[in-house]
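First the structure, in the form of structure tokens, and then the observations on it.
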Amino acid sequence: MKFLPVVALIGQTNAGKSNLLNRFARQNIAIVAREEGTTRDNVIAKIENKFLLIDTAGLKNPEDDFEASIQDQIEDAIDSADLILVTLDSSKYPDQKDKDIAKNALKSKKPVFLVLNKSDLGESLPDNEFLKLGIKPTETFRVSATTGQGIKDLKATIEKIVGKSEFFEEYKRSAAGVRSTPRKTLETNSDFSNIKLALIGRPNVGKSSLFNSLGKKQQAIVSSRQGTTRDINRVNIKFKGKTIEILDTAGLRKPGKREVGIEKFSAIRTLAAIEESDICALLVDATEPHSKLDQSLAGQIVEAGKGIIVILTKADLVENTDEILDKLEYDFNFLPFAPVLITSSKTGKNVTKLFELAEEITKNRKTEIKTSELNKILNDAIVSHPPAGLKNTRPKPKYIVQTDSNPPWFVVHGRDLGLLHWSWKRFLERKIREKYPLVGTPIFFSYRSDKKDVEDK
């Protein structure tokens, strides 16, 4: 199972952090403008599925609560990141603010790189002008977000550092209690003795209450005020000889409704928790209408290839759950494989069934189907519903094999598979699930033609 390390860009305003993130991501994600202080939010980009890059707001004087909250974001980024990129405009002499940023970054004991942006400019200063920051010259990189100069080398070094297993072990020893998670790969065991289950959902949906009920102790702070949980709380549960680690994440609001400050960084922690987990429990409040954010979170979980359980919380506060379940089925029609669990942390209803579902889904995720069985399903699908094509060309699936598990991944080989309609691909998935339900886990497909590969999740 692969976890994505977190890399944070920190620095003063107008150092070019947003441009750097866009250059790394090869698309315009962060807002870029000439005015100082344009980026007020953290912006996250997944870089080639190797690490998460965070663009933090620039450091400004705490003249009011708003700016003080931005500084809180930067400090929180330092605490939460695996690697820190102190970013400066190489055409400007470093000042006291730059020294303070570098000092705070180095105090974290995390790997710290000095990134000198705008190095393509003629007025770019020599390296010795930046030695006073205390970052080693060997960990200094000259780049240009505008031209792409030095980006390839910086990216390669980042991947090399965060990809070292010994880095994670050292981090686990030195930052215990600070980092939301030591990102050590969970080894898959045939007896499924280790399961990581993340509680995901909007604020005040009941994650902390469920977390406390599962852990049978008041470890998380439970409050009626939204956004109380800002970090990832953890508890290990023993269940039938297995260890299930429960991760309680901060709730997420719609981006436009998130308050400034630390709460906005909860998005990074939630995304990191999804990446780290084996299974995500998506909590939906029975007393409130389901929102697009709930659907978006479900989509992120499936996209990450994680197991999923939809939990309807606060069931004790509603008289009839049938109508709610009908609405839930309609809103989440793209999750027909996800089990729904009706719970109440107050009464304890169905709380322990979550462990049983987690165990079942873990087994489903590691299911391996014989090639002969898969090809029988494929042939039956072709006979019952031949795939449509263009006027003179018809896609011809020939055979299917399973190439991976946890989650299951299937590769269909054939001719002109690029012409396969999405509806037929869903039809094939339904045919496989009719015999192998694989409850609670997404399954992925790749379609490889004789002439070229066409991959589809």
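The values are calculated or read from the model by the stated rules, or taken from the named source; none is laboratory data. What you see is a predicted model, and the numbers here were worked out from it, not measured in a lab. Cβ atoms come from the backbone with ideal geometry, glycine included; neighbour counts cover every protein chain shown.
Could you run through the stretch 133-161 and say how many residues are assigned to a helix (DSSP H, G or I), within 15 Å of Leu88 (Cα to Cα) and in contact (Cβ under 8 Å) with a residue 40 or more places away in the chain?
Residues in the stretch 133-161 being assigned to a helix (DSSP H, G or I), within 15 Å of Leu88 (Cα to Cα) and in contact (Cβ under 8 Å) with a residue 40 or more places away in the chain: 3 in total.
For the stretch 372-424: of the residues being out of contact with any Asp or Glu (no Cβ under 6 Å at 6 or more places or on another chain), among the charged types (D, E, K, R) and not in a helix (DSSP H, G or I), which is modelled with the lowest pLDDT?
It comes out as Lys391.
For the subset of the stretch 318-344 comprising residues that are β-branched (Val, Ile, Thr) and over 21 Å from Lys292 (Cβ atoms), which member is surrounded by the most Cβ atoms within 10 Å (Cβ to Cβ)?
The qualifying residue surrounded by the most Cβ atoms within 10 Å (Cβ to Cβ) is Thr343.
I'd like the full set of residues that are part of a loop (DSSP other than H, G, I, E, B) and under 30 Å from Lys46 (Cα atoms), limited to the stretch 301-356.
The answer is Ala304, Gly305, Lys306, Phe332, Asn333, Phe334, Leu335, Pro336, Phe337, Ala338, Pro339.
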